[in-house]
1. Suppose every Lys and Arg Cβ carries +1 and every Asp and Glu Cβ carries -1, with no other charges. What dipole size does region A:593-668 come out with about its Cα centre, to the nearest 20 debye?
2. Post the alpha-carbon centroid distance, region A:48-75 to region A:581-625, in whole angstrom.
3. Counting only helical runs of four or more DSSP H residues, what would the 222 nm mean residue ellipticity of chain B come to if each run contributes -39,500 (n - 2.57) and the total is spread over all its residues?
4. On average, how many beta carbons from a partner chain sit within 10 Å of the beta carbon of a residue in B:39-48?
5. Starting from the Cα of A:LYS403, draw a straight line to each of the lysines and keep only those under 27 Å, dropping any in the same chain fewer than 8 residues away.
6. Across peptide A:654-661, what mean number of C-beta atoms from other chains lies inside 10 Å of a residue's C-beta?
7. Positive end of the dipole of the protein assembly as shown, charges at C-beta (+1 Lys, Arg; -1 Asp, Glu), about the Cα centre: which of A:PRO282, A:MET494, A:TRP8 has its Cα farthest in that direction?
8. At most 10 other Cβ atoms within 10 Å plus a DSSP loop assignment makes a site exposed; report the longest stretch of chain C without any exposed GluC sites (Glu not before Pro).
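No lab work stands behind these numbers, since they all come straight from the coordinates. Remember, it's a predicted structure, so these values are computed and weren't measured experimentally. All Cβ positions, glycine included, derive from the backbone under ideal geometry; neighbour counts span all protein chains shown.
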Amino acid sequence: MSATAWAWLVLLFPLLGSIVIGLGFKALPAKAAGAIGTIAIGLAFACGVAALISLLGEDPEARHHASSLWDYASVAGLDIKLGIFVDPLSVFMVLVVSGVSTLIHLYSYGYMQSDEGYHRFFSYLNFFVFSMLLLVLAGNFVLLTVGWAFVGFASYALISFWYRRETATRAGMKAFVINVVGDIGLVLAAFLIFRELGSFDYGTVFEKAPQVFTTNEWTVTAICLLLLVGAFAKSAQLPLHTWLPDAMEGPTPVSSLIHAATMVTAGVYLIARTHVLFELAPTAADVAAFVGLATLLVAATMALVMTDLKRAIAYSTMSQIGYMIMGVSIGAYSAGMFHLMTHAFFKALLFMAAGSIIAAMANDQNIDRMSGFGRAMRFTSFTFVCGALALAAFPGSSGFFSKDEILAYAAARGGMYVIFTVLGYAGALLTAVYSFRLVFRVLHGEPCDEARELIETGHVAHEAPKNPATGEPEDTDVGFPGSEHHIAEQSAPMRVAMGVLAFGAIFAGLVQIPGVDDVVTKFLDPVWAGSPLAAIEPSTLADWEGLGIGGVIALLGIGIAYVLYVARPELPGQLEARLRPLHTLFANKWYFDEAIGFLVVRPALGIGRFANRTFERLVVDGIVTGTAETVRGAGGVVRAVQSGFVRSYALLLIAGFAGLALYFLLSSS
Amino acid sequence: MSIEWYIVLSALLFATGALGILLRRSPMVILLCLELMLNAGNLALVAFSRMVGNGQGQVFAVIVMVIAACEVVVGLGLIVAIFRRRLPLNVDDLRELRG
Amino acid sequence: MEEVLFFVAAIGALGGAIGVIAMRNPFYSVLALIVHLFSLAALFLLLTSAFVAAAQVVVYAGAVMVLYVFVVAYVGGGGESAWEPIPGQRFLAPLLGIALFIELAVAVLSSSLLALGTDGPDVPAGFGDPAAIGRLLLEKFLVPFETSSLLLLLAAVGAIVLASNRRIEEGDTSS
């Protein structure tokens with residue numbers, strides 16, 4: 001079968017899984033629903049592998065196919081097909097997305113077991129994977145927007161999965177609204193593309209763009225800036241990032257899948273896919289790179305002081321995506337995608353391990369209360385450390401190779417771009433510090449109460465469920481979150497999933513050792529064929545220099561963390577006291593939420609209030625009610641004629657006749 | 001007498017019948033006034049038949065008499081039915097069909 | 001001679017009409033109508049319509065009026081109250097009646113039918129005879145003739161239905 005046929009199957013299985021589970025939730029037992037969901041994504045991954053094999057069997061130059069099922073809209077110059085585009089980039093994304101998703105489904109199979117909404121969870125999760133695969137496989141901007149919007153919806157449905165929690169629903173709405181802002185950018189960009197180039201289809205657009213646009217013409221810059229709006233909203237970059245920490249209200253597998261490995265990488269994919277346009281608008285590309293850099297640093301500072309475990313990891317995601325955005329904006333396309341892959345592994349792993357720990361803590365996510373889990377949960381701690389090592393870019397781990405490849409490219413491009421390398425290394429230092437801050441705070445030290453209970457009795461802590469953010473008691477009669485808490489040590493599916501990801505987190509870097517092999521780069525090269533930026537390649541020596549500096553920085557960061565949290569635990573308190581203003585700034589998330597609330601939310605609410613109280617009540621209601629009252633009044637008047645008196649009817653009849661006769665007499669005289 | 005006298009008389013009788021319908025309340029008398037109007041029409045028809053010179057107007061008048069007879073039959077049947085049901089024989093009191 | 005007969009008959013007809021609308025007792029109204037019908041028959045005779053005059057007396061005054069007399073005897077009939085529930089009726093009705101008469105008269109008198117001013121053309125001897133009417137009924141106006149007999153049948157059936165001795169249910173005023 002051809003690669004495109006496999007690609008259609010990739011889309012089919014998750015959709016089928018979602019529909020089957022969604023419609024059959026009454027008939028299917030819980031385990032069956034989980035199994036169907038996992039197998040559906042597993043089949044999608046298998047088809048992705050088949051598509052990969054099919055592609056590899058072809059000539060590198062010819063590895064791009066478009067295939068469409070039917071014409072979606074063919075009118076007035078528009079020709080939109082329901083079409084997919086299969087090339088190394090989309091197959092790469094398909095493999096990453098479906099692979100990590102399969103493992104996360106496996107993890108959820110165990111983790112969400114006692115949740116009443118089990119079926120709903122898997123149906124939504126499958127739908128999300130379908131949407132994400134649709135996004136990466138889309139062959140034209142319309143289908144891309146469709147997948148983009150579906151992903152936004154699935155994210156909303158999954159964030160507010162425990163919908164009885166007010167914080168969860170609010171977080172879901174916040175995420176959705178900010179995503180919609182991004183959608184607007186994407187749709188406007190698509191409109192502009194159609195207006196300038198006359199088509200939505202990838203092949204046509206990327207072929208015609210260099211011919212139609214001159215470099216830095218305002219139209220192509222506008223298109224790219226609008227695409228960036230979409231990318232930043234979806235990938236949680238400044239200033240559209242405020243939804244990501246709140247999105248941690250969703251269950252941990254959701255955070256792991258959507259907010260680590262897949263949805264947030266959609267922005268990176270978008271920029272990589274439309275790299276032709278970005279190369280024609282270097283200003284926009286530079287804007288993107290600087291935003292990525294800013295996000296990288298700001299998020300790292302915020303992660304340094306976060307006390308909520310999942311939110312700390314969320315900020316780390318923001319920071320790493322900043323790296324990726326930076327990478328694909330300055331031209332390090334393959335490096336950026338490679339970092340996307342390794343990040344998917346270790347970030348999903350980190351979330352999974354964090355989920356296990358939070359379960360042991362009876363859904364309490366505050367690291368101030370956690371300590372000493374290293375002894376209580378060996379497997380979880382091991383995987384957690386694997387993920388943290390990869391995140392910190394410890395020499396030899398996957399993150400080590402991927403992150404430093406981006407920075408080496410920036411140095412090789414030279415000129416202004418050296419800033420990215422320098423500040424990127426600064427960010428790497430911060431990354432190492434905060435990742436091992438988490439490791440030492442949670443795993444090291446004297447076991448906290450829950451950990452001790454686990455060591456002594458093997459029993460997972462269990463208390464009346466409370467909303468971790470507000471501390472209010474929650475109602476689990478509707479079943480969620482589940483009454484049981486599942487940790488990895490007691491659940492085989494969770495262990496398998498985490499084990500595979502730990503392996504990937506540590507060893508996945510070996511496919512891109514500079515000078516030795518560059519599997520990913522070679523595979524993805526045909527996608528950027530003809531791009532001047534992709535042709536820039538740092539020399540192997542420069543690569544190894546970069547790796548060396550990166551390794552040193554990582555070890556330095558781990559050392560700083562060790563000093564701060566193990567050797568001299570009184571230091572963090574002193575530092576905090578000394579740098580209080582800075583600490584407050586970081587802890588309050590740089591006041592972005594407050595700023596957006598003041599600049600955007602309050603005016604919007606004010607307009608809404610005006611519209612409701614004044615306009616709606618006076619104008620609209622006035623017109624509608626006024627019309628109704630007029631009609632009723634007129635009807636009342638007319639009704640009085642129907643008195644029921646036959647003689648008055650006769651009077652009217654004769655009067656009418658007399659009048660008519662008078663008229664005819666007069667008109668004929 | 002020229003024909004116009006008969007026609008004017010017929011108009012006068014017709015108007016009188018209409019006046020009776022408007023003023024009287026008993027259904028009996030209203031039916032009688034309807035008879036008046038029909039007969040006024042008959043008079044006009046016969047007068048015109050005389051004016052034209054063929055008998056068609058007279059045939060028309062005979063048929064009108066038949067119609068009037070049928071109408072009287074039904075009308076009187078209605079009055080009897082109303083009386084049987086002990087309803088007031090007064091068109092002003094029989095006014096349920098109103099808006 | 002003809003004029004005198006005309007005026008006598010006309011006064012009789014008009015008197016009868018005014019008697020119908022003015023008498024309080026419905027029985028007296030019926031009697032007034034009978035006088036009116038006889039006067040009309042005289043007028044028909046003046047217009048050389050013998051058959052119509054005869055039919056008027058026999059059918060109308062003879063049969064239809066007998067029906068009326070029977071029903072008035074059965075129903076009885078009191079006077080009507082003086083109060084008028086419909087506002088304006090007492091004032092508008094005469095007005096409209098007069099307006100109607102004037103309009104009809106004017107319409108006829110000012111029409112271009114010049115023959116109205118004459119006595120009518122000379123008619124053959126058998127004009128208005130039963131033979132002439134009969135011939136017309138059976139030759140030219142056969143269909144209306146048959147249809148009207150059908151109508152008579154319908155009316156008879158309707159009368160029987162209306163007057164049948166159905167059981168009167170309590171409160172069944174809107175059957």
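1. Working: 7 positive and 5 negative charges, 74 e Å.
Charge dipole, region A:593-668, about its Cα centre: 360 debye, nearest 20.
2. Answer, in whole Å: 46.
3. -27000 deg cm²/dmol
4. Going residue by residue through B:39-48 and averaging, the value is 6.
5. Candidates past the 8-residue exclusion: A:LYS234, A:LYS310, A:LYS347, A:LYS522, A:LYS589.
6. Going residue by residue through A:654-661 and averaging, the value is 6.
7. Farthest along the dipole direction, towards plus: A:MET494.
8. Details: sites that count: C:GLU169, C:GLU170.
Answer from the scan: C:1-168.
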